[in-house]
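Everything below concerns the one structure shown next.
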């Protein structure tokens, strides 16, 4: 998953950078004309893109590392410890949110809210991810029901 996330992230960043490499000309009579960014602006854009790519990769790496410990707490039934760790893990994912849709189906499996899932599927069956675990931990006040979350595709 780490490699997939990096590939998706890289693709999204590349496409984003390509999409903004040109500015529309001040001449609004012909929308097909574009003006290239100045060299300074292009360098700034390239640096910002590279910095953001590094930042998001760090967040994804942290998410993967922290999730391993979180899964262990869930499997051991350590409810209160899992509740304390949950928001910290969630934060790493949220920091990558601006490009999360580029993760394709992975984003849906990780971050789909129940109401949205029900609108599309008419059932809770197959609903997974952060929001499902959140409901189990806080509404059901247990870790039971989280054991298969790490096994889903």
For this session: In whole angstrom, note down how far apart the Cα centers of the stretch 129-144 and the stretch 71-99 are.
Result: 11 Å
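In whole Å, what three semi-axes, largest first, describe the equivalent ellipsoid of the stretch 44-153 built from its Cα gyration tensor (square root of 5 times each eigenvalue)?
Details: eigenvalues 142, 68, 22 Å².
Equivalent ellipsoid semi-axes, largest first: 27, 19, 10 Å.
Since every read-out is calculated from the coordinates, none of them should be taken as a lab result. Remember, it's a predicted structure, so these values are computed and weren't measured experimentally.
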